[in-house]
Amino acid sequence: MNATVSSQSTRYHTLDAIRGVAVMGILSVNIVAFAMIEAAYFNPTAYGGWHGADFAIWATNMVVVDGKLRTLFSMLFGASTLLVIERAEAAGLSGPQVHMRRMAVLMVFGILHYYLIWFGDILTAYAVGGMIAFLFRKKSARRLLWTGAAFLALSMLIFTMFMVSQHQADLAAHAPGASQAAIREWNEGLGNFFPSATMIAEDRALHLGSWSQLVAHKLAEWHRIIPGVVIFLPDTVGLMLIGMAGYKSGFLTGQWSDAAYRRAASIAIPVGLAAGAAIVAYDVSANFYIIGMFSAFMVAATPFITIMALGYAALIILLSRGQGWLSRRFAAVGRAAFTNYLGTSILMTFVFNGWGLGLYGQLSRAQAWLFAPLVWLIMLAWSKPWLDRFNYGPFEWAWRSLSRGQLQPMRKARPQPLPA
């Protein structure tokens, strides 16, 4: 099958559609981190409810969404890296220089996003990961795939070692006569995912305070961004390399046959769903023991999450073949993914934080999740009409202009009338 390519420069409809689904789906799990204490993201017993509809939302996200859409987003970043370099070189520019400037500007956006808007930033890790993944750009699709898998294995090893250390810290902190140092070590690690009433009250007061207070708090703990980037770097780079392999092989650009995509989706998605269901069952049986939950999700589930994400990509490509009206809407969301990602952070922090509507810590998990489909509708509503008139989303334009060192043309040129 031929890839579906749009006319503006070199755009692949499939890449845009997959990216659109990914940036929308990420909010389904991130909404909890916007709405309540961070511990509730992994530990449903920490806050926000874990029975009835709240449990259903948590379990469904764990099985269907969590990790899978972020994985897709990371793969698409790797694929887009190669596409951007190809475009730059086709225009007579230096691909390496264009890419590195883009990553430098992206890092600035990421740092500002982290300190000024929301702690759950992924842009900084993408900027650093993009610089590393660039070094492997000339490898074949097969080499990229295996190198990416090696990075994922390294990530699994790092998290395994971390879980072992946390298990030891847990035992030491809860042993008879435990020292204050042992208790502090546990509480500063995964013990944070069992927040006390005091911790919850302090977190809520912080987020319901002024914007300047929240920024000052994050600046006072400025170093927290570093381990957050470093520990996830092998996983991020690995997924980017797999995305590059998907681009070079034609998988992500829609060049495989429909039969191949159907086969990939029919195998990968059920395997991923089964693994996700097994994790949910384990978490419940283990009474949501945080070390077990982390080990299951960050280590054991990694191969299955990656496989399921590829299955999702295959399914999205199949559904977007005809470029129907809904497919074009999703593709437009993907073309403006940078704006939609940052815009979501701005909108959700306005909804939940004290400088906005102040709903932080006041809704259950299920109630907070209801904002996700509303934001999806906003993304689908604005992205295509905007891109029908303009070349880029607002933040895409800023990123490109800063990377190129000059303002880029924003409004699309109007078609010239034919001579009479």
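The values are calculated or read from the model by the stated rules, or taken from the named source; none is laboratory data. All values reported here derive from a predicted model rather than from experimental measurement. All Cβ positions, even for glycine, are placed from backbone atoms using ideal geometry, and neighbour counts span all protein chains on display.
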Would you point out which residue out of L72, L27, L83 is assigned to a helix (DSSP H, G or I), closer than 16 Å to L252 by Cβ and within 17 Å of the chain's Cα centre (by Cα)? L72
State yes or no: is F330 among the aromatic types (F, W, Y) and out of contact with any helix residue (DSSP H, G or I) (no Cβ under 8 Å at 6 or more places or on another chain)? no
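Name the residue, out of A366, A381, that is part of a helix (DSSP H, G or I), among the hydrophobic types (A, V, I, L, M, F, W, C) and farther than 23 Å from P44 by Cβ.
A381
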Just the residues that are among the aliphatic types (A, V, I, L, M), without any contact (Cβ under 8 Å) to a residue 24 or more places away in the chain and in contact with an Asp or Glu (Cβ under 8 Å, 6 or more places away or on another chain), please, taken from region 262-308. A296
Restricted to region 29-54, and to residues that are aromatic (F, W, Y) and modelled with pLDDT of 95 or more, which residue is surrounded by the fewest Cβ atoms within 10 Å (Cβ to Cβ)? Y47
Quickly run through region 219-248 and pick out the residues that are among the basic types (K, R) and modelled with pLDDT of 95 or more. K248
Among S257, S196, which is the only one that is hydroxyl-bearing (S, T, Y) and either surrounded by 14 or more Cβ atoms within 10 Å (Cβ to Cβ) or modelled with pLDDT of 95 or more (or both)? S257
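For every residue, the table says whether it meets (1) among the β-branched types (V, I, T); (2) within 15 Å of the chain's Cα centre (by Cα).
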{"site": "G228", "(1), (2)": "no, yes"}
{"site": "L233", "(1), (2)": "no, yes"}
{"site": "G238", "(1), (2)": "no, yes"}
{"site": "I242", "(1), (2)": "yes, no"}
{"site": "G246", "(1), (2)": "no, no"}
{"site": "S249", "(1), (2)": "no, no"}
{"site": "T253", "(1), (2)": "yes, no"}
{"site": "D258", "(1), (2)": "no, no"}
{"site": "R262", "(1), (2)": "no, no"}
Sole residue being part of a helix (DSSP H, G or I) and modelled with pLDDT of 95 or more, chosen from A201, A182: A201
Being over 18 Å from T81 (Cβ atoms) and among the small types (G, A, S) narrows it down to one of G129, G148, G120, G110, so name that one. G120
Do you know which residues across region 313-331 are crowded, with 24+ Cβ neighbours inside 10 Å and touching a Leu at 6+ places or on another chain (Cβ under 7 Å)? A313
Cβ-Cβ below 6 Å, separation at least six or inter-chain, first residue in region 235-250 and polar (S, T, N, Q), second in a helix (DSSP H, G or I) and crowded, with 24+ Cβ neighbours inside 10 Å: which pairs? T236/S74; T236/G129
Looking only at region 208-231, count every residue that is in contact (Cβ under 8 Å) with a residue 12 or more places away in the chain, β-branched (V, I, T) and not in a loop (DSSP other than H, G, I, E, B) and tell me the total. 3
Can you name the number of the only condition in (1) touching an Asp or Glu at 6+ places or on another chain (Cβ under 7 Å); (2) more than 27 Å from Y114 (Cβ to Cβ) that T339 fails? (2)
